[in-house]
Amino acid sequence: MLLIKDIEDGMHVRGEYLVMSLAQGVSNAGKKYLTIVLQDKSGTIDARKWDVDPEDYETFAPRNVVYVEGEANLFKNNLQLKLLSGTVVPKEHVNMDNFVAPAPVAKDILEKKLDGYLSSLKEGQLKTLVSAIIEKYRSRYVDWPAAVKNHHAFRSGVLYHSLCMADLAEKVAALYPSIDRDLLISGCLLHDLGKCIELSGPVATEYTLEGKLLGHISIMAAIIKEEADRLNISGEVPDLLGHMILSHHGKPEFGSAVEPMTREALALSMIDDFDAKMNMIDRALDATKPGGWTERLFAFDGRSFYRPKGK
């Protein structure tokens, strides 16, 4: 199987890939064409089907694994596939592990680390509340991606991202003792858990209806309130934790309901932004040869990043 990361300009490509999305366009000549995003465990690639047959809409429906034949070419410095044909692979012959990118660390190791952070919280209302929420949603929390396309868009992405943030938060709290370490760690662990409802899952990830209408921030704030009420926990603990969730995107224009108004909320929003952006840059650089530049990255106002020759 030819991995997407190994496809180069001018290659004649044959292989099995997961269809992530399908959209129809119309050329300047008035002819219909299909824009398709294909994925395997190594990444994604844009594809075009120019000679559209009626059955192509069923063949290239999202979530299908399709055996394709096509030609790779550069278009505006981005690699694309010109699809010549496609055939749906029967589900019984599909191993989805070949088509869903894994986290950089094995899930069982991530789960042990998660349990370590939960155990490290001091006994009290905060530990009770955080542990109860994670236990309720654990099966999704350890498996779900953190995004459809941007940062940590791979299996176990929510957990991996949250633990990377917790690692950084541990160091920040040690450097600034005025920060409530347990509250900051709790915010790191819970801040994106709402994505387990906002997103459909690790395979051909898309937004759910609840995700589109409510978003993961408001979903998670509601979960904290609901679980706190169930456990008869009131006062500052659920309010402080809820505020961290509602403000972790930093500014209203980035999706936050309010701006951070505690030290821990401010630290959480900065740690979240840093980890997300480092992941986006790393993914772009991984697809770039040493001495080359990444594609323009939307999250960085269209800037490209240089990969030094030594790396």
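The values are calculated or read from the model by the stated rules, or taken from the named source; none is laboratory data. Just so we're clear, the structure is a prediction, and the values are computed from it rather than from any experiment. Counting neighbours? That spans all protein chains shown, and the Cβs are built from the backbone with ideal geometry, glycine included.
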Inside the stretch 256-291, can you point out the residues that are at pLDDT below 90 and not in a helix (DSSP H, G or I)? S256, A287, T288, K289
What is the number of the single condition among (1) among the polar types (S, T, N, Q); (2) under 30 Å from L285 (Cβ atoms); (3) part of a loop (DSSP other than H, G, I, E, B) that N28 does not meet? (2)
Taking K277 as the residue in question, decide whether it is charged (D, E, K, R), surrounded by 15 or more Cβ atoms within 10 Å (Cβ to Cβ) and either under 30 Å from I7 (Cα atoms) or more than 18 Å from the chain's Cα centre (by Cα) (or both). yes
State which residue is farthest from the chain's Cα centre (by Cα) when the search covers only the stretch 7-52 and only residues that are surrounded by 12 or more Cβ atoms within 10 Å (Cβ to Cβ) and acidic (D, E). D51
Take the residues in the stretch 108-123 that are among the acidic types (D, E) and in a helix (DSSP H, G or I), then tell me which one is farthest from the chain's Cα centre (by Cα). D115
Qualifying residue in the stretch 189-200 (condition: under 18 Å from the mean Cα position of the chain (by Cα) and small (G, A, S)): yes
Taking the criterion of being modelled with pLDDT of 95 or more, over 24 Å from K107 (Cβ atoms) and of a type in the set (S, T, Y), would at least one residue in the stretch 162-173 satisfy it? no
Yes/no for E92 being touching a His at 6+ places or on another chain (Cβ under 8 Å) and either modelled with pLDDT under 90 or not aromatic (F, W, Y) (or both): no
